[in-house]
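Step one of this worksheet: look at the structure below.
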Amino acid sequence: MSESTMTTAQTALGEEYDPLGVHLGDPWDFYARAQRAAPIFYSPKLKAWVVTRYADVKRVLRDGSTFSSENVLRPVAPFTLRAVPILAKGYPLEPPVLMLDGAQHRAQRAPY
């Protein structure tokens, strides 16, 4: 689904959704309404799709080929060629666990 094919309900819920503001203290009424009206909607604030039904969440979490985390976190701007070696000295250029899928994700999550 693209942003251009969203329903009116999806657009309205996406515009209203404020998980770190108004919905932080008591999100349950909003989620119940979203589950009925538009269980999947795009949040411009989060710049991400929000999935509210348990069965849909399970599907997203189990289908890494369709719903990949690979590009979740992208730098605001690409690193310059001069910055890469400097960052590599103190910050290994490895993707954080949030950006990994499947076996790589499980390996990083496993306790040592």
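The values are calculated or read from the model by the stated rules, or taken from the named source; none is laboratory data. Computed from a prediction, not measured in an experiment: that's the story for all the values here. Virtual Cβ from ideal backbone geometry, glycine too; neighbours counted across all protein chains shown. Protein only, heavy atoms only, side chains kept; ligands, DNA and RNA dropped before computing areas. Shrake-Rupley method; radii C 1.70, N 1.55, O 1.52, S 1.80 Å.
Given the condition modelled with pLDDT under 80 and in a helix (DSSP H, G or I), answer yes or no: does some residue in region 5-13 qualify?
Within region 5-13, one or more residues are modelled with pLDDT under 80 and in a helix (DSSP H, G or I).
Restricting to region 14-47, give me the number of residues that are of a type in the set (A, V, I, L, M, F, W, C), closer than 24 Å to S68 by Cα and open to solvent by less than 30 Å² (accessible area, probe 1.4 Å).
3
Which members of region 48-67 meet the condition of being acidic (D, E) and surrounded by 13 or more Cβ atoms within 10 Å (Cβ to Cβ)?
Listed by number, the list holds a single entry, D56.
Go through region 68-91 and give me each residue that's closer than 29 Å to W49 by Cα, open to solvent by 50 Å² or more (accessible area, probe 1.4 Å) and modelled with pLDDT under 75.
E70, N71, V72, L73, R74, P75, V76, A77
Enumerate the pairs (first residue in region 50-70 and assigned to a loop (DSSP other than H, G, I, E, B); second residue anywhere and among the aliphatic types (A, V, I, L, M) and at pLDDT below 80) with beta-carbon separation below 8 Å, excluding pairs fewer than 6 apart on the same chain, so at least 6 apart or on different chains.
That search, which allows pairs on different chains as well, returns S69/L98; S69/M99; S69/L100; E70/M99; E70/L100.
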